[in-house]
Amino acid sequence: MLQGKKIVLGITGSIAAYKSCLIIRQLIKKGAEVQVVITPAGKEFITPITLSALTSKPVISEFFSQRDGTWHSHVDLGLWADAMLIAPATAATIGKMANGIADNMLITTYLSMKAPVFVAPAMDLDMYAHPSTQQNLKTLQSYGNHIIESGTGFLASKLEGKGRMEEPENIVASLESYFAGSCSMKGKKVLITAGPTYEKIDPVRFIGNYSSGKMGFALAEECARRGAQVELVCGPVSASMQAAHPGVHRIDVESAKEMHEACLSFFPSMDAAILCAAVADFAPETVAERKIKRTGDDMLIRLKPNPDIAASLGQIKEKHQTLVGFALETHDEEAHAQDKMKRKNFDFIVLNSLNDEGAGFRTDTNKISIISQAGKEDFPLKSKQEVAKDIVDRLNL
Ligand code: CTP
């Protein structure tokens, strides 16, 4: 899987820098080409001579190699690489990456990187547990970077043993499984709905909901990463929600009606659809042309049902197509989910419960069960990226 892959390895100032040698040795043994970019602090822990001997390439550290005007192009490195791995990544480097502080060659290379970026944090537990480090890791993950950690990752509630860099063989295995998965859905087309819908009341007001779109975006990224072509139909989500992968084509809509139309036009040519959006079930019967003024009396807005996108797609679904729905329930979860699956003709339904802490709206984590003809499968609390993998695995495309 790593044969012929070009890897930029970023090394920063941590005692775990010595383990970079083991990472390089394994990557090269598996046929990869490695270019080291090291920070000034990294060089205090390991020498460029060792690293260049292992990689058979000069190590890049400074912007300028010598005082004759030649300089290293971080842009070229960003285009050359199939992946960038930063291992070990200190709290300082993680903070600079999260905030775009480009004061060394490693960060400028990161900011120019066109390939996926993997980050293996290394620091002591106090630094790791500090809210600013945790926030920076979440920020990096929301930018589409892959955080490689021991155990269940930084989003887990238990912190013991955390902060220590993941073992070199597991870091290399993460890269391998990334490249292994990158073609399993080649040629497949997947429609994904994400986010809330807004139903207009007047020119300045709407009925909406708390959906952030995070789960849908994670699903889109995961399908694209596996080589699928993704049509991501999304309601109004925050500007920070970005699908980084070029395989994701995003269509922005506002209301359930617009989402319905977009989905109907895409679905016939799709292999699968995952309906993750929190679609408003009702919309105001009429939209006031001018801002509604306060009158002192009670105010009544009459609502009429919106189209049920899932049910429409369920009706026109063909044998070769897979349709997946979501259900967020507050009570009698399983029975409601089963009923929805049948009613909307889903192949399986992903159930998340509002009763579970860390699951559902506006969180970075989710705890799901997958319900299908075969029964119910429960999953532990995971990051939405990890949850997306579990769901996409079950598409069987
Ligand atoms: N859904 C949809 N179009 C709608 C409503 C829901 O496509 N107008 C999809 C959602 O994206 C989700 C699934 O249907 O995949 C279930 O959504 P939910 O709101 O739980 O279902 P409802 O049919 O609205 O059921 P409830 O009575 O619980 O509101």
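The charge dipole of region 189-393, taken about its Cα centre with unit charges on the Cβ of Lys, Arg, Asp and Glu (plus for the first two, minus for the last two), comes to roughly 480 debye.
Considering only beta bridges that DSSP places wholly inside the chain, some 30 percent are antiparallel. For Q315, what charge total do you get from the other residues with a beta carbon under 12 Å from its beta carbon, if Lys and Arg give +1 and Asp and Glu give -1? After counting each charged neighbour, the total is +1. Which longest uninterrupted range of the chain lacks any chymotrypsin sites (Phe, Trp or Tyr not before Pro) assigned by DSSP to a loop state (not H, G, I, E or B) and surrounded by at most 13 other Cβ atoms within 10 Å? In short, 211-397.
Placing R0 at 45 angstrom, the Cβ-Cβ distance between I15 and D252 gives a FRET efficiency of 0.45 after rounding to 0.05.
Counting only protein heavy atoms and a 1.4 Å probe, region 181-254 has 40 square angstrom of accessible area per residue. A Förster distance of 22 Å, applied to the separation of the beta-carbon atoms of A239 and L111, puts the FRET efficiency at 0.70. Considering only DSSP beta bridges where both residues belong to region 1-156, give the percentage that are antiparallel (nearest 5). Among the beta bridges of region 1-156, antiparallel pairing accounts for roughly 5 percent. Taking 15 Å as the straight-line reach from the Cα of K340, the aspartates and glutamates in range (excluding those fewer than 8 positions away in the same chain) are D281, D308, E329, D332. Along its principal axes, region 6-181 has C-alpha extents of 51, 33, 30 angstrom, given from the largest down. Residue by residue, region 185-198 carries 3J(HN,Hα) couplings of 10, 4, x, 8, 10, 10, 9, 10, 9, 8, x, x, 10, 10 Hz when phi is fed to the Karplus relation 6.51 cos²θ - 1.76 cosθ + 1.60 (θ = phi - 60°); x denotes Gly or Pro.
Given in Å, the Rg to one decimal and the Dmax to the nearest whole number for the Cα atoms of the chain are 23.8, 81. If you run the Gaussian network model on the chain, springs between alpha carbon atoms under 10 Å, then out of G163, G181, G375 the most flexible one is G375. Cross-link partners for K319 among the aspartates and glutamates, with Cα-Cα distance under 18 Å and sequence neighbours closer than 8 places in the same chain left out: D271, D347. Each Lys or Arg adds one and each Asp or Glu takes one away; over the other residues whose Cβ falls under 14 Å from the Cβ of G31, this sums to +2. Residues whose amide H falls under 5 Å from that of V119, counting only those 5 or more places apart or on a different chain, are I86, H146, I147, I148, with hydrogens built in the peptide plane. Among the listed pairs K6/K43; K5/K382; K57/K186; K188/K382; K189/K257; K57/K189, those with a Cα-Cα distance over 31 Å are K57/K186; K57/K189. For G144, the shell of other residues with beta-carbons less than 13 Å away shows a net charge of +3, using +1 for Lys and Arg and -1 for Asp and Glu.
Potential lengthening of the chain between E329 and T139 amounts to 65.5 nm, from the contour at 0.36 nm per residue minus the alpha-carbon distance. Based on DSSP H assignment, which helices of the chain show an axial Cα extent of at least 18 Å together with a mean Kyte-Doolittle hydropathy greater than or equal to -1.0? Length and hydropathy pass: 168-181.
Backbone amide hydrogens, once placed in the peptide plane, bring A228 within less than 5 Å of M185, excluding anything fewer than 5 places away on its chain.
Nearest 500 deg cm²/dmol is fine: what mean residue ellipticity at 222 nm does the chain get from its DSSP H runs of n ≥ 4 alone, each adding -39,500 (n - 2.57), divided by its residue count? Per the formula, -9500 deg cm²/dmol.
Remark: the chain carries a charge dipole of roughly 680 debye about the Cα centre, counting +1 on each Lys and Arg Cβ and -1 on each Asp and Glu Cβ. Under 5 Å from the amide H of V253 lie the amide H atoms of C234, G235, each residue being 5 or more positions distant or on a separate chain, with H modelled from the backbone and absent for Pro and chain starts. With R₀ set to 41 Å, the beta-carbon distance separating K57 from F379 gives a calculated FRET efficiency near 0.45.
The values are calculated or read from the model by the stated rules, or taken from the named source; none is laboratory data. None of the values given here were measured: they were computed from a predicted structure. Note that each Cβ is placed from the backbone with ideal geometry, even for glycine, and that neighbours are counted across all protein chains shown. The area values use the complete protein model at the heavy-atom level, side chains included, leaving out ligands, DNA and RNA. Shrake-Rupley method; radii C 1.70, N 1.55, O 1.52, S 1.80 Å.
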